[in-house]
Each structure stands twice: as C-alpha cells, then as structure tokens.
C-alpha cells in the first residue's frame, strides 16, 4: 500500500473554503454530506452550519445551508435554514431532478411539537428559484424521526430514505429503531418498514439504493444478530411491498461492525460498503456481499492507510473502489488521530492513499471527511471535508489523477 500526503501524479485543489473569515459564517460551515454535479459542472451540497442565529436545538453557528458551487469555485447560497418549520441541520446531501429542483432532508426542524421543540426533521424540495417546500415533517413515533441521510427518487417522482429514530416504538425505550420511508410527489408519506433491533437491525444512518425491480438496499448501524451490546449492524433488502430481508448481519469480528455508510451494487448484484470498526486493528473495513449473502472483507484499514470510514463507496468501470476515512493518514494532527484520507482500492485489494488530509491550508487542506466522493468522466474525484481549510470550517475539494 502507498502512504503519501498526495499520491504520485495526484493533484489536490481546494475549490471552496467555508467561512474563511470566521463566524457568523453566513455562507455555510461544516459540510457533513458530499456534493453532486450537474451537466454544466456546477456542484450542489449542504452545510450543517452557517447563517445567522441560534437554532431551537442549540446550534450557535447557524442552522445550515444549501449551496451551489461553480467549476471555478464561485459559491452561491441557495437557501439558509432557520431551524423552524422549514427544517435545520441537513446532515444529508441533495439530489436534483431533470427540472433542476433539489431534494433532501433535515435532521431537526419541521414539526416543532416533536423532539422537545427541536423538531424531528423534514423532507424538503428546493425549486430553481430558491423556494423551499417541506414535503413532509416527521412527527416521531410510528411516523419516524431524524433522518441523517438524503433521499433517492424513482421515475414517478417518489422519494425514499431512512430515519434514525421512530417506527416501532416498542424498540429503544420508545424512541424507535428507525424506519425506511417513501414520500410521494404530493407529500404523502408511507413508512415502508420500522426496524425492531434484533434480528433485523436498528438506527440506519445511511440512505438506500434501488434496483430495477424496486427493491431497496441499505444498512443499519446497530442491531442484527451479532454479539455487540446493541448489535453489530446489518445490510438489508426491502421489497416494494415492505418485506425486509437481512442480507448480512455483522458479527463484530474480522468481518467488521457498525456500517455507518450505505451500500452500492454492481451489475452482478454484489453489494459493497464499509464498516467503521473491527477488522484486524479495529479501525474499519471495506466489504463485499455476494448475491448468495456471503461476506468478504476486501480490506482492513490501519492508521496510516486511514481509519474509521463513515461513508460509502463509489466504483468505476474497472472495478476500483474509492472512498474516504474520517481519521488516520500520514499526518498526526487533528488530535493525534489523523485527519482522514481519500483512498482507492483496486480489484486485487491493494489500497492506495490518494490524499492524506492535514487539517491546514495547502495541498492537503481539510480534515474529517464524513462523506464519500463522486467521480467525473475524466476520473477526477470531488468531495467535502467537515473541518480544516483556511479557518477550520471545512472545504470542497478536487482530486485530479
């Protein structure tokens, strides 16, 4: 494996430093989710903080934003959340439809009678003109609460996603162990499944993907049949009719535990993802699950090659996998645990660290990437880091092969 600040022939560029002059960070701060790119090369994403005011849930540096970033790095704030009925704290990213509308979720806000006044989150639509519409405000209980991840959309315009809490209120002392939901174009929400903890899983932090038959696939961070205190997590399949199948239940051994990110699916039906823990040095793994539900640990991280991957993966036409880790790398900054890396894992399971963050300005600016990366037709990788940069409030970056 290759450990370097930026691997040979790789060029790292910061496209945007958030809040370069420090608070109040009106144009956003701390991007938790990644970015998407449109046909013109513009990027769209969310920041967890930014804008004025203190939100109902105690966030003192703003309630989050939706932004657009041009290829040249010029940023426009498309919307600033208030933390009220419009939502607040968008941990998840956005998707875009053919008309240019953006869709996503917020963890807080919405129905402020829920969540002790903080709200239980929303599903929103943002028009090209910047008008935000709350398609659904979660109410907690059987309805679901607090979505961490964004949504996907089918051909009819329906949106699908997960909530961390809610659903089966007999689970987790009444808080619920999370749901998979569907929201129609008109805003009608359907809870497709409520997790129960064991053996089906609990508390999904990632979203879902959908195959051509309408089946959904995803992960739960906890639950399942493993021997961890709260379960070691699962990979699940959910049919259009709401029948859940546990594709794999992590044991918390060399196979990994706590899958925080989602999964991707290849043409043969194999699923790929990451776990935040276990493997040989207990700092995370990359895994593959076959159609026969057999799990293979493709790679076990160590500190130099990255640690604690919190996001999912992307896969290119050659079968190479790309992702990020939230810690580790060649630099010992960021509290001594490393600031995270961007990595490539080839079909022979050889890992290359494409870039190791140092949390400061310069070639390796940025720290703590919570999200994964996207790739364009030329092989360039784009992503976000939650911290680091000019003032420590995060960056959008480009990595050129």
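Each value in this text was obtained by applying a stated rule to the coordinates, not by laboratory testing. Remember, predicted model here, so these are calculated numbers, not experimental data. Every residue, glycine as well, gets a Cβ built from its backbone with ideal geometry; the counts of neighbours run over all protein chains shown.
Here are some notes:
- With both labels modelled 7 Å from their Cα along Cα-to-Cβ, the residue 347 to residue 42 distance reads 3.8 nm.
- Of 280, 26, 126, the sequence from fewest to most neighbouring Cβ atoms within 10 angstrom is 280, 26, 126.
- Per-pair calculated FRET efficiency, R0 = 25 Å: residue 54 and residue 21 via Cβ, rounded to 0.05: 0.80
- For 195, 370, order by how many other beta-carbon atoms lie within 10 Å, fewest first: 370, 195
- Least to most buried among 184, 365 (fewest other Cβ within 10 Å first): 184, 365
- Three-way shape label, segment 187-300, alpha-carbon gyration tensor, a/c 1.5: oblate
- Label assignment, Rg and Dmax of the Cα atoms in Å derived from the structure, set (1) 21.1, 67; (2) 22.3, 72; (3) 19.5, 54: (3)
- Here the extension length gained between residue 378 and residue 186 equals 65.3 nm, from 0.36 nm per residue of separation less the Cα-Cα distance.
- The simple spin-label model puts a point 7 Å past each Cα toward its Cβ; for residue 215 and residue 169 those points are separated by 3.3 nm.
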